[in-house]
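Engineer: Pasting a structure below so you can have a look.
The values are calculated or read from the model by the stated rules, or taken from the named source; none is laboratory data. Everything numeric here is computed off the predicted structure, so don't read it as measured data. Note: ideal-geometry Cβ built from the backbone for every residue, glycine included; neighbour counts use all protein chains shown. The accessibility values were calculated without ligands, DNA or RNA, using every heavy atom of the protein model including side chains. Shrake-Rupley method; radii C 1.70, N 1.55, O 1.52, S 1.80 Å.
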Amino acid sequence: MKNLLLLVCLFLAYSGFSQIRTPAASPSVKLMQTVGLTDVTVEYSAPGVKDRAIFGDLVPYGEWWRTGANAPTSIEFGDDVTVNGSALKEGKYVILTKPGMEKWTVNFYTHEGGSWSGYREKEAALSVMAPVTKMACKAETFTIAFQGLKNDGAT
């Protein structure tokens with residue numbers, strides 16, 4: 001009986017350490033970039049296309065999207081910034097977007113944690129429009145990037 005109990009204890013202890021770790025379906029991404037003198041950090045989950053129609057189907061046009069998968073996408077600015085000509089205070093924000101065929105609405109909400117859906121009822125700290133541009137090649141994974149880095153800004 002002691003041997004059986006010892007065997008069960010060893011099995012339970014071993015099984016607790018032998019969990020198989022697999023990659024996330026939408027891996028987490030943390031992007032840190034200095035733009036001019038301002039540190040910017042973006043954290044999001046990157047879903048893949050996986051032979052699906054995304055915008056206009058899985059992510060409907062005209063509806064709020066958490067701009068990624070799993071959890072709300074966040075962006076943190078180390079200094080006050082200007083986004084599309086509008087001022088935004090330093091701090092951490094949640095980004096929600098409303099995709100459209102020709103332009104997207106991009107809302108920045110003061111980061112408070114919790115579910116992304118709770119932000120939709122709040123007033124955005126800033127709302128800007130972004131034109132849709134066609135990419136030269138197909139992207140398999142959702143990606144947020146900084147382009148055209150200059151001393152005083154980026155796209």
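Engineer: Once neighbouring chains are kept in place and the probe is 1.4 Å, which whole percent of the accessible area of the chain is contributed by carbon and sulfur? Spell out each step's value before the answer.
Structural biologist: On the way: 6090 of 10910 Å².
Within the chain, the accessible surface is 56 percent carbon and sulfur.
Engineer: Magnitude of the Cβ-charge dipole of the stretch 41-85, K/R +1 and D/E -1, about the Cα centre, nearest 20 debye?
Structural biologist: On the way: 3 positive and 7 negative charges, 57 e Å.
Once rounded to the nearest 20, the dipole reads 280 debye.
Engineer: What are the lysines whose alpha-carbon lies under 24 Å from the alpha-carbon of Lys122, with same-chain residues fewer than 8 places away excluded?
Structural biologist: Within the straight-line limit of under 24 Å, Lys122 reaches these lysines: Lys89, Lys92, Lys98, Lys103.
Engineer: Which value at 222 nm does the chain reach when only helices count, each DSSP H run of 4 or more adding -39,500 (n - 2.57), with the total divided by all residues and rounded to the nearest 500 deg cm²/dmol?
Structural biologist: Details: 1 runs with 16 residues, N = 155.
That calculation yields -3500 deg cm²/dmol at 222 nm.
Engineer: Just Phe77, Phe55, Phe108 to compare: in a GNM of the chain, with alpha carbon springs under 10 Å, which one fluctuates most?
Structural biologist: Evaluated over the chain, the most mobile residue of the options is Phe55.
Engineer: Separate question: About the Cα centre, and with charges only on the beta carbon of Lys, Arg (+1) and Asp, Glu (-1), how big is the dipole of the chain? Nearest 20 debye, please. Could you put the intermediate results ahead of the total?
Structural biologist: On the way: 15 positive and 15 negative charges, 120 e Å.
In total the dipole reaches around 580 debye.
Engineer: Also, quick follow-up: If the elastic network links every pair of Cα atoms under 10 Å, which of Pro23, Pro47, Pro99 fluctuates the most in the Gaussian network model of the chain?
Structural biologist: It is Pro23.
Engineer: Please give, to one decimal in nm, the separation of the simple spin-label points placed at Glu140 and Val128, each 7 Å out from Cα toward the Cβ.
Structural biologist: 3.1
Engineer: Further, regarding this structure: Write down the accessible area per residue of the stretch 9-155 in Å², having rolled a 1.4 Å probe over the full set of protein chains.
Structural biologist: Working: 9930 Å² over 147 residues.
Accessible area per residue: 68 Å².
Engineer: Then there's this: Please name which of Ala25, Cys137, Pro60 has its Cα lying farthest along the dipole of the chain towards the positive end, using unit charges on Cβ (Lys, Arg +1; Asp, Glu -1) and the Cα centre as origin.
Structural biologist: Sorting the options by dipole projection puts first Ala25.
Engineer: So, one more: Ordering Val29, Val40 from largest to smallest accessible area (1.4 angstrom probe), what's the sequence? Please list the in-between numbers first.
Structural biologist: Working: Val29 45, Val40 5 Å².
Heavy-atom accessible area, descending, gives Val29, Val40.
Engineer: Show me the trypsin sites (Lys or Arg not before Pro) within the stretch 18-77 that DSSP assigns to loop and that have at most 16 other Cβ atoms within 10 Å of their Cβ. Could you put the intermediate results ahead of the total?
Structural biologist: Values: sites: Arg21, Lys30, Lys50, Arg52, Arg66; in loops: Arg21, Lys50, Arg52, Arg66.
Passing sites in the stretch 18-77 are Arg21, Lys50, Arg52.
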